[in-house]
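Structure, as structure tokens:
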Amino acid sequence: MQITGGKYNSRKIKTPDFENIKPTLSKTRQGIFNVLNSYINFEDKVFIDMFSGSGIMALEAASRGFRVFVFEKDKKTALAIKENFKSFNLEYNLYFGDAIKNIIKIPVKSDVIFIDPPYDSDLYEKAIHTIKKENILNKNGIIILEHPVSKNINTDFLETIKIKTYGNKQITFLTNQEE
């Protein structure tokens, strides 16, 4: 797997070889960052990858100039993410453990939050609820959900700004209009 844009475009990363990891495909990653580019300037903005898995989304964000915060609860996977960031000499903030519990530890508000938990979980709604309750997202910040097309997610206080479909996967872009 390799980075699809930014400073480290085309550089390969090490990916953990675990069955439960489903990295976001390169075409999907490119599409996500193309959409984001039409809404915000990436430089010095904060990107949170809540359920990181391979870490590829956080690496893509860092390659494009975002300040990244990464959450992963599997120890071996977290070590692989750490290794990739070190190999690129990238600054990173890696939180080991439950993303929903630990997101309140981030010292700044976020501009973009990527949420891609296990598809069959109820973690989408829990993550959105925590983001709202703890006031983690900046006004006009963007939440990106990667989920199966068939999954209905309660997005409460958020406004849908774009939906992209890639096969059986859907990427939903939401924005926070509240302060």
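What follows is calculated from the coordinates using simple rules that are stated; it is not laboratory data. Keep in mind that what you see is a predicted model, and the values were worked out from it rather than measured. Don't worry about glycine lacking a Cβ; one is built from the backbone with ideal geometry, like all the others, and counts go over all protein chains shown.
The distance separating the Cα centre of the stretch 41-87 from that of the stretch 91-149 comes to 13 Å. Taking a sphere under 12 Å around the Cβ of ILE3 and counting the other residues whose Cβ falls inside, with K and R at +1 and D and E at -1, yields a net charge of +4. Considered as an equivalent ellipsoid built on the Cα gyration tensor, the stretch 9-102 has semi-axes of 20, 15, 13 Å, the largest given first.
When semi-axes √(5λ) of the Cα gyration tensor in Å is computed from the coordinates, the matching label among (1) 28, 19, 13; (2) 22, 17, 17; (3) 34, 21, 13 is (2).
Projected label points at SER87 and LYS126, each 7 Å from Cα along the beta carbon direction, are separated by 3.1 nanometres. Here's the picture: charge each Lys and Arg Cβ at +1 and each Asp and Glu Cβ at -1 in the stretch 1-89, and of TYR8, LEU79, PHE69 the one pushed furthest to the positive end of that dipole is TYR8. Cross-linked pairs LYS7/LYS164; LYS75/LYS101; LYS45/LYS76; LYS14/LYS169; LYS101/LYS169: Cα-Cα separations exceed 20 Å for LYS7/LYS164; LYS45/LYS76; LYS14/LYS169; LYS101/LYS169.
State whether the stretch 47-101 is rounded, prolate or oblate according to the following rule on the C-alpha gyration tensor (a ≥ b ≥ c being the square roots of its eigenvalues): a/c under 1.5 gives rounded; otherwise a/b larger than b/c gives prolate, and the remaining case gives oblate.
oblate
For the chain, a Gaussian network of Cα nodes joined below 10 Å ranks GLU60, GLU125, GLU146 by mean-square fluctuation, and the top entry is GLU125. Against the main long axis of the alpha-carbon atoms of the chain, helix 75-87 sits at an angle near 70°. Counting 0.36 nm for each residue step from SER10 to ASN34 and taking away their Cα separation leaves a gain of 7.0 nm.
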